[in-house]
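Enquirer: The structure follows.
The values are calculated or read from the model by the stated rules, or taken from the named source; none is laboratory data. Only a predicted model underlies this, so the values are computations on that prediction, with no experimental measurement involved. Virtual Cβ from ideal backbone geometry, glycine too; neighbours counted across all protein chains shown.
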Amino acid sequence: MDNDSSTGMVCGPDGCEVPATDARLPDIAAIGTRIDIVSDAICPWCYVGKRQLERALAILAEEGLHFQVHWNPFQLNPDMPKEGRDRAAYRAWKFGSAEKSAAIDQRINEAAAAVGLGFRTDLMTRTPNTIDAHRTIWFAGQNGVQDAAMEAVFKAYFIEGRDIGDHAVLADCAAEAGLPRQAVLDFLATDIADQEMRAADQAAREAGVSGVPSFFLDGHGLFSGAMPAETIASALRRGQGILRKQQDAA
């Protein structure tokens with residue numbers, strides 16, 4: 001669905017729109033190979049964007065270009081209570097009516113289907129606080145399975161309709177990614193990485209991120225939104241070329 005009107009959609013605190021960004025994240029050491037994605041676990045366009053990125057990376061791999069993907073936290077609802085809220089009531093309040101919320105879900109479901117994702121918004125009953133989801137994804141990154149954990153968390157929420165604010169659900173996701181389930185439960189019972197996730201969220205905002213997904217290459221802002229795979233591939237080719245020319249000239 002590369003030509004659909006949802007191309008490039010991004011999620012922000014007030015909903016989804018087509019973004020424009022020139023944000024920058026600091027302190028990335030690698031040259032032309034590190035992709036950082038700022039995202040939230042309840043952002044539908046982040047999951048769609050993940051699928052488009054995977055397609056783009058497959059295209060680029062055939063050209064001999066390879067990248068490493070890193071996921072970074074952002075909270076679409078930073079004031080969400082720890083226990084989350086009833087999704088139907090919250091979204092009716094947030095978007096003005098249940099009808100508008102349903103229309104947004106329909107558009108998102110159609111965009112997801114176009115990249116092979118079967119979203120089940122009808123199964124979703126809670127809008128969670130996502131700090132613990134971000135902590136779980138961070139923990140998975142410390143153990144080398146961050147992308148798999150991100151996939152499992154997205155799938156749990158968008159396809160299975162599970163409450164990803166629940167520690168047991170997050171432990172299931174991490175176990176699906178290959179981590180010991182009890183180790184994840186033990187980690188989540190602490191406050192390890194809580195402040196770090198909040199600080200990273202704030203750093204992204206200070207870098208100019210106002211909506212997600214936002215994509216960076218070696219800290220340089222590329223674009224925000226669930227762009228088509230070919231658009232992502234072109235941006236990565238161009239960005240890598242520029243960065244390597246800069247390195248050669250230094």
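Enquirer: I'm trying to understand the selection: among the residues of the range 55-70, which are in a helix (DSSP H, G or I) and crowded, with 16+ Cβ neighbours inside 10 Å?
Expert: 55, 56, 57, 59, 60 - these are the residues of the range 55-70 that are in a helix (DSSP H, G or I) and crowded, with 16+ Cβ neighbours inside 10 Å.
Enquirer: Of all residues in the range 170-196, which are crowded, with 17+ Cβ neighbours inside 10 Å and either of a type outside the set (A, V, I, L, M) or within 19 Å of residue 50 (Cβ to Cβ) (or both)?
Expert: Of everything in the range 170-196, those that are crowded, with 17+ Cβ neighbours inside 10 Å and either of a type outside the set (A, V, I, L, M) or within 19 Å of residue 50 (Cβ to Cβ) (or both) turn out to be 170, 172, 173, 174, 176, 177, 187.
Enquirer: Ok, one more. I need the full set of residues from the range 78-102 which are crowded, with 17+ Cβ neighbours inside 10 Å, part of a loop (DSSP other than H, G, I, E, B) and either at pLDDT below 95 or among the small types (Gly, Ala, Ser) (or both), in order please.
Expert: Of everything in the range 78-102, just one residue is crowded, with 17+ Cβ neighbours inside 10 Å, part of a loop (DSSP other than H, G, I, E, B) and either at pLDDT below 95 or among the small types (Gly, Ala, Ser) (or both), namely 84.
Enquirer: When you scan the range 37-90, how many residues do you find that are of a type in the set (Asp, Glu) and in contact with a Ser or Thr (Cβ under 8 Å, 6 or more places away or on another chain)?
Expert: Number satisfying all stated conditions: 2.
Enquirer: For the range 117-167, which positions are more than 17 Å from the chain's Cα centre (by Cα) and within 21 Å of residue 37 (Cβ to Cβ)?
Expert: 142, 143, 144
Enquirer: Also, quick follow-up: What is the number of the single condition among (1) under 16 Å from the mean Cα position of the chain (by Cα); (2) within 14 Å of residue 44 (Cβ to Cβ); (3) not charged (D, E, K, R) that residue 104 does not meet?
Expert: The one condition residue 104 does not meet is (1).
Enquirer: Sticking with this one: Which one of these is surrounded by fewer than 24 Cβ atoms within 10 Å (Cβ to Cβ), under 17 Å from residue 40 (Cα atoms) and out of contact with any Gly (no Cβ under 8 Å at 6 or more places or on another chain): 206, 230?
Expert: That would be 206, the only listed residue that is surrounded by fewer than 24 Cβ atoms within 10 Å (Cβ to Cβ), under 17 Å from residue 40 (Cα atoms) and out of contact with any Gly (no Cβ under 8 Å at 6 or more places or on another chain).
Enquirer: Same structure, new question: Do any residues in the range 142-155 that are in contact (Cβ under 8 Å) with a residue 24 or more places away in the chain and surrounded by 18 or more Cβ atoms within 10 Å (Cβ to Cβ) have Cβ atoms under 7 Å from those of residues that are assigned to a helix (DSSP H, G or I) and of a type in the set (Phe, Trp, Tyr), where the two are at least six apart or on different chains, and which pairs are they?
Expert: 154/47
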